[in-house]
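Contents: one structure, followed by commentary.
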Amino acid sequence: MFNPVAAVTPLARSAAIICGWILMAISFLTVFEIVARRWFGFSLRGVDEISGYVLAITSAGGFCWAFVTRSHMRITLLFPYVPPLARTLLNLLAMLTLASMALFCAWRGWSELAANFESGKPANTPLQTPLWIPQAFWFAGLALFALTTGIAAAHAVGLLFRDRGLLDQLYGPASLEEEVRTEVSQLETRLSEEGPEVRP
Amino acid sequence: QDLPKQSFKVVGSFGNLSNWIKVEKPFWSEQVVKDSKGQITATAQSTTELNLKGTEVMRLLKLGLFDFAHALPIYVAEDAMLEGVDIAGVAKDMATARKITEVWGPQIDKIMGPKYGAKILNWYTFPTQMIWCAPQIKSVADLKGKKIRVQGVSQGDLVEGLGATAVTIPFGEVVPALQRGTVDCGITGTMPAYKAGWHEVVTSVLEMPVGFTIIYTAVSEASWNKMSAPTKEFFTKEMKAFEDGAWKTIGDEVEMGLICVSGEGGTCSEGKPGKVVRIKPSDADVKAREAALNDVALKRWAKRCGAECAKTWTDTVGKMTGLVAAP
Amino acid sequence: MMDAGGVALGFILMLGLMALGLHIATVMFAVGAIGAGLYFGMPAINALGVVYFESMNDSLLLALPLFILLGEILVRCGSTDQMYRSLSDWLNPLPGGLLHTNVASSALFSAVSGSSVATAATIATVALPSFKTRKYSTPMVLGSIAAGGSLGNLIPPGIGFIIYGVLTNTSVARLYAAGVVPGAILTLMFMLCIVVLAIRNPAIAPREPVVDPLPVRLARLSGLVAPSLIFIVIMGSIYLGWATPTEAAALAVVAALPIAAFYRRLTIRMLHDAFLSTVNLTALSMLILAGAFAMNFVLGLLGATGALTTYVAGMKLDAITLIWVLFAFYVILGTFFETLPMMVGTLPLVFPLIKAAGIDPVWFGVFLVLMCEISLISPPVGMTLYVIQAVRGEGSIAEVFRGTVPFFITMLLMTVLLIYWQDMALWLPRLAFD
Ligand code: NA
Ligand code: NA
């Protein structure tokens with residue numbers, strides 16, 4: 001059975017890990033800047049600007065990962081009180097609106113990127129990085145998010161007529177069972193092997 | 001005869017500075033209405049009110065959200081050519097700064113159409129930018145080895161030409177950074193320095209212009225083309241008056257800013273004055289700036305901008321100021 | 001242009017859409033887009049795309065993922081567990097037992113973390129397993145962690161102070177100094193709250209009289225070394241002027257690596273796990289933040305903020321009344337707003353009122369951060385609550401909501417104390433800087 005979420009998960013995960021390494025890199029670059037400025041009397045000039053791009057890239061690069069892990073926040077307080085069909089329709093609506101926003105942002109992101117790519121001029125900073133390079137990374141994240149949510153939304157519409165249970169399972173708020181499973185597996189990696197002795 | 005009734009959407013500069021409070025806001029909310037006998041009105045908002053950074057305004061103008069925008073060339077400065085209007089250290093006084101906008105402004109206007117669907121109507125400025133230092137300084141020579149926070153590449157080049165380290169950190173971090181010595185000095189306008197509270201953390205200001213933060217008024221081509229001929233004529237006239245008024249008003253702000261930070265030379269109109277020491281540049285200081293400009297800042301800018309662009313600059317601005325930009 | 005009625009209608013629309021279970025980020029974005037489309041048409045809707053990118057491209061906000069990453073690395077190297085263990089040695093004998101450790105370890109972790117949400121997530125991860133086999137009241141456990149998390153921004157370093165400082169040109173160093181005493185007092189008030197509740201109803205926290213011998217407990221104090229070191233790196237580099245507050249976050253991330261190596265946990269796999277959590281939390285926060293920026297932009301465009309300023313200025317309130325009005329305003333706004341949008345959205349309109357009324361900007365920074373902390377634990381929109389629920393991964397979020405009630409009330413009391421004893425915040429910065 002085709003499951004777009006499962007299909008894209010490895011890609012989203014890799015994107016998130018790349019973003020993590022970018023965060024690591026900007027940390028080291030910042031430390032280099034601090035040391036150079038404090039003790040060696042020079043500055044890279046522009047680390048702050050790169051920092052801005054790193055945040056944009058990390059955010060956009062993580063959108064898809066947060067989607068496949070169902071982390072994007074929803075308030076589901078009312079869900080237990082509405083009939084199953086209404087719940088399914090709300091899940092579908094949530095998926096459709098999320099995908100619309102993602103597609104819209106990717107579209108606008110593309111027009112920004114295209115404008116800068118056309119002019120091809122390097123950013124007017126000492127580093128002279130062409131603006132479209134960081135924006136291309138940023139757009140790649142948005143595009144992945146838009147593509148995934150777009151396909152997922154289409155899939156959800158199809159499921160409405162074929163398998164409403166699966167729609168809720170894939171595009172509803174994460175089921176308890178699932179969340180427990182992911183969190184527990186996460187906890188295992190988080191906690192030290194000995195474990196604090198408070199835990200009986 | 002009466003102008004056709006029309007209303008415009010306008011985005012101004014920073015809400016807390018005089019350019020907005022004393023120039024842009026009164027122009028749109030009073031002057032235009034009065035001069036058009038109520039036929040033309042505008043909804044003008046500062047970038048601060050709109051929760052914008054400022055860097056977006058030209059793109060928003062292009063999208064048709066605004067009819068007019070007051071924008072800074074440094075915001076769209078992915079093109080080094082734009083910098084030509086305000087290369088750090090070129091204009092020695094405000095009159096020169098204005099003359100440069102008259103000869104280099106049209107160069108920038110050329111790319112405004114294709115790139116932003118905009119047309120520039122006038123040029124004005126923020127208060128003169130100077131170097132502010134937390135440690136006591138007496139001359140340009142004291143800047144050697146100091147860490148100076150700059151905005152824009154050419155300011156950085158000039159500062160490096162003066163033997164200092166150019167540092168870029170976000171504006172909001174400058175005051176604490178000056179306080180704790182993360183940076184020794186910073187560059188900003190006189191009144192903006194007072195408004196941002198720099199006078200509480202610096203000891204001295206070197207009264208030597210190092211830049212101006214030039215700003216322009218742009219109209220979206222789409223809006224402009226839709227205007228009737230009399231309306232266009234009206235705005236052309238108004239924008240000229242706006243420009244004259246702005247240079248005068250901001251010119252006065254330069255000295256008032258210095259009075260406010262130092263408490264010397266008059267009474268501060270904006271609040272409690274600070275105790276910053278005003279340092280008048282010596283002949284040696286001016287020479288040092290010229291050397292830094294010619295040997296470093298202009299050379300590097302010419303390289304960034306390209307040979308053709310540098311030649312155009314030398315033939316126009318250079319001719320007027322006696323400077324040569326060549327890589 | 002919009003009037004107060006329109007603003008109210010927009011808020012009701014937003015709350016309604018959120019209650020339907022749409023994604024919070026989408027709702028804010030959609031409300032922005034609807035407002036923009038209704039009043040200005042397509043250009044304004046397209047403009048949201050521009051605002052979207054600009055709000056994500058912000059060098060100061062990089063502190064957000066960096067402080068999250070720092071926390072993730074510290075948790076994964078096992079040092080947070082040891083910190084928790086060590087604190088529990090000394091706090092368990094109090095009425096309320098392990099609940100105090102939740103609050104105290106949050107306070108200590110806050111000293112190295114800039115984010116309340118990250119603090120809550122971290123402490124929840126470390127603490128929750130300890131309660132699995134103990135018979136504590138579940139809401140109280142969750143509530144004490146949420147409360148502890150709300151110290152994350154108040155005790156420096158804090159992203160809230162960084163952003164407030166940036167928006168108002170107030171010294172971040174002063175703000176950090178101003179947060180210390182209120183942070184400590186709030187920690188004590190939380191613990192007092194637990195003591196009172198535990199005495200009234202001992203069933204919420206079983207007594208655990210068995211205490212390890214003193215030498216064992218002293219030896220375990222080494223668990224406090226790692227967070228202390230990171231705290232020194234962050235505050236030391238800022239205080240000595242080596243780094244800006246944002247740069248200090250990067251420095252702390254780099255400094256956390258040798259600590260992880262010392263605990264023999266510095267592996268690629270550990271880093272990748274830390275990256276995955278960090279990027280996840282950053283992305284979900286930034287998607288909401290970008291949506292909120294889009295909505296705020298439209299509010300500005302509609303003149304909603306300007307209308308409100310005029311309205312409030314027309315009332316000619318004195319300072320203390322203004323503070324009380326803002327107190328009520330922020331508590332209500334905080335129920336459905338997130339910290340950053342709340343701060344970013346209201347400061348342009350509130351800060352001029354504050355200055356005009358002669359209120360100290362540093363004090364107001366502490367007040368506003370406290371308001372933001374309250375917003376983080378007040379339902380229906382409270383990031384901390386959801387993160388704790390996500391880490392817990394079982395039961396109903398209603399239990400988290402219920403558990404925060406006593407701490408929510410404590411924080412309201414704390415605010416009153418801060419209003420009538422302003423020197424609580426202003427004493428330390430005065431001592432340090434004047
Ligand atoms: Na903190
Ligand atoms: Na809330």
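The values are calculated or read from the model by the stated rules, or taken from the named source; none is laboratory data. Since we're looking at a predicted model, the values are computed, not measured. So basically every Cβ, Gly included, is an ideal-geometry build from the backbone, and we count neighbours across all protein chains shown. We work out accessible area using only protein heavy atoms, side chains counted, and drop any ligands, DNA or RNA first. Shrake-Rupley method; radii C 1.70, N 1.55, O 1.52, S 1.80 Å.
For this structure, a couple of remarks:
- The residue that is modelled with the highest pLDDT, counting only those in the stretch A:59-76 that are more than 8 Å from the chain's Cα centre (by Cα) and on the phi < 0 side of the Ramachandran plot, is A:V68.
Table: residues versus (1) small (G, A, S); (2) within 16 Å of ligand 2 (Cβ to nearest atom); (3) closer than 30 Å to B:K195 by Cα; (4) without any contact (Cβ under 8 Å) to a residue 24 or more places away in the chain.
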{"position": "C:A121", "(1), (2), (3), (4)": "yes, no, no, no"}
{"position": "C:A124", "(1), (2), (3), (4)": "yes, no, no, no"}
{"position": "C:L128", "(1), (2), (3), (4)": "no, no, no, no"}
{"position": "C:Y136", "(1), (2), (3), (4)": "no, no, no, no"}
{"position": "C:M140", "(1), (2), (3), (4)": "no, no, no, no"}
{"position": "C:G143", "(1), (2), (3), (4)": "yes, yes, no, no"}
{"position": "C:I162", "(1), (2), (3), (4)": "no, no, yes, no"}
{"position": "C:V172", "(1), (2), (3), (4)": "no, no, yes, no"}
{"position": "C:Y176", "(1), (2), (3), (4)": "no, no, yes, no"}
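- Flag for C:L128 being hydrophobic (A, V, I, L, M, F, W, C) and either more than 16 Å from ligand 1 (Cβ to nearest atom) or more than 23 Å from C:I232 (Cβ to Cβ) (or both): yes
- Checked against the criterion of being at pLDDT 75 or above, open to solvent by 10 Å² or more (accessible area, probe 1.4 Å), within 16 Å of ligand 2 (Cβ to nearest atom) and within 14 Å of another protein chain (Cβ to nearest Cβ), the candidates C:T339, C:T335, C:T384 yield just one match: C:T335.
- Residue tally, condition outside any loop (DSSP other than H, G, I, E, B), under 11 Å from the mean Cα position of the chain (by Cα) and more than 9 Å from ligand 1 (Cβ to nearest atom), over the stretch C:134-159: 4
- The set of residues from the stretch C:174-189 being within 15 Å of ligand 1 (Cβ to nearest atom), over 13 Å from C:L418 (Cα atoms) and either out of contact with any Pro (no Cβ under 7 Å at 6 or more places or on another chain) or open to solvent by less than 10 Å² (accessible area, probe 1.4 Å) (or both) comprises C:L175, C:Y176, C:T187.
- Restricting attention to the stretch C:419-434, the residues being modelled with pLDDT of 90 or more, open to solvent by 50 Å² or more (accessible area, probe 1.4 Å) and either more than 30 Å from C:L240 (Cβ to Cβ) or among the acidic types (D, E) (or both) number 3.
- In the set (1) farther than 24 Å from B:T321 by Cβ; (2) at the interface with another protein chain (Cβ under 7 Å from one of its Cβ atoms), B:E83 fails one condition alone, (1).
- Against the list (1) surrounded by fewer than 24 Cβ atoms within 10 Å (Cβ to Cβ); (2) more than 16 Å from ligand 1 (Cβ to nearest atom); (3) in contact (Cβ under 8 Å) with a residue 60 or more places away in the chain; (4) away from every other protein chain (no Cβ under 14 Å), the condition C:L167 fails is (4).
- A:G120 meets the stated requirement of being closer than 30 Å to B:I111 by Cα and either modelled with pLDDT of 60 or more or surrounded by fewer than 17 Cβ atoms within 10 Å (Cβ to Cβ) (or both).
- Given (1) within 18 Å of C:L154 (Cβ to Cβ); (2) open to solvent by less than 10 Å² (accessible area, probe 1.4 Å); (3) of a type outside the set (A, V, I, L, M, F, W, C), index of the condition C:T278 fails: (1)
- Those residues of the stretch C:360-381 which are hydrophobic (A, V, I, L, M, F, W, C) and away from ligand 2 (no atom under 13 Å from the Cβ), in sequence order: C:V362, C:W363, C:F364, C:V366, C:F367, C:L368, C:V369, C:L370
- Matching residues, the stretch C:134-164, being within 17 Å of C:A107 (Cβ to Cβ) and of a type in the set (F, W, Y): C:F161
- Pairing each residue of the stretch B:104-116 that is open to solvent by 20 Å² or more (accessible area, probe 1.4 Å) with any residue that is hydroxyl-bearing (S, T, Y), provided the two are 6+ apart or on different chains, yields C-beta distances under 7 Å for B:Q107/B:T312.
- Just one residue in the set B:T101, B:T96 is modelled with pLDDT of 90 or more, in contact with a Phe, Trp or Tyr (Cβ under 6 Å, 6 or more places away or on another chain) and among the hydroxyl-bearing types (S, T, Y); that residue is B:T101.
- Neighbours by Cβ (under 6 Å, 6+ apart or cross-chain): first from the stretch B:270-289, in contact (Cβ under 8 Å) with a residue 12 or more places away in the chain and closer than 18 Å to B:V210 by Cβ; second polar (S, T, N, Q) and part of a helix (DSSP H, G or I): B:V276/B:S262; B:R278/B:S262
- Among residues of the stretch C:346-381, those that are touching an Asp or Glu at 6+ places or on another chain (Cβ under 8 Å), within 18 Å of C:F161 (Cα to Cα) and open to solvent by 10 Å² or more (accessible area, probe 1.4 Å), counted: 1
- When the stretch B:265-291 is limited to residues that are open to solvent by 70 Å² or more (accessible area, probe 1.4 Å) and of a type in the set (K, R), the one that is farthest from B:S18 (Cα to Cα) turns out to be B:K287.
- Spans of helices (runs of 4 or more DSSP H) in the stretch B:167-264 with at least 1 residues within 14 Å of chain C (Cβ to nearest Cβ) and open to solvent by 30 Å² or more (accessible area, probe 1.4 Å): B:174-180, B:190-195, B:221-226
- Residue among C:V362, C:V416, C:V400 that is within 14 Å of another protein chain (Cβ to nearest Cβ) and modelled with pLDDT of 90 or more: C:V362
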